[in-house]
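Below is one structure, written out as structure tokens, with a few remarks after it.
What follows is calculated from the coordinates using simple rules that are stated; it is not laboratory data. These figures come from a predicted structure and were not determined experimentally. Using ideal geometry, Cβ is built from the backbone for each residue, glycine included, and neighbour counts are taken over all protein chains shown.
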Amino acid sequence: MAHTMVENDAFAAFLRDNEGKDLLRFLTCGSVDDGKSTLIGRLLFDSKKLFEDQLATLQSESEKFGTTEGDIDFALLVDGLVAEREQGIT
């Protein structure tokens with residue numbers, strides 16, 4: 001139990017030390033179709049880091065390539081290859 005409290009205190013201290021920073025760096029790992037690209041795209045969207053024209057293009061691309069049945073496919077923000085988009089994979 002004491003070990004967990006030390007970990008929680010260390011994590012809380014880390015958050016306090018970094019809360020004023022403008023840049024977030026993190027690592028995401030997973031297999032094909034685990035949602036890595038979707039997570040990154042959603043974080044960009046939720047943090048309001050996208051321009052209006054990017055959102056319009058994303059909506060258009062989602063209708064063309066998306067696999068979300070009419071919703072925005074956030075994975076398309078980071079999918080670089082046309083082949084990936086055409087196959088619905090990232």
*Go through (1) assigned to a helix (DSSP H, G or I); (2) more than 19 Å from the chain's Cα centre (by Cα) one by one and return the number of the condition G20 breaks.*
(1)
*Which numbered condition T28 misses (of (1) loosely packed, with under 13 Cβ neighbours inside 10 Å; (2) free of Cβ contacts under 8 Å to residues at least 12 places away in the same chain; (3) of a type outside the set (A, V, I, L, M, F, W, C))*: (2)
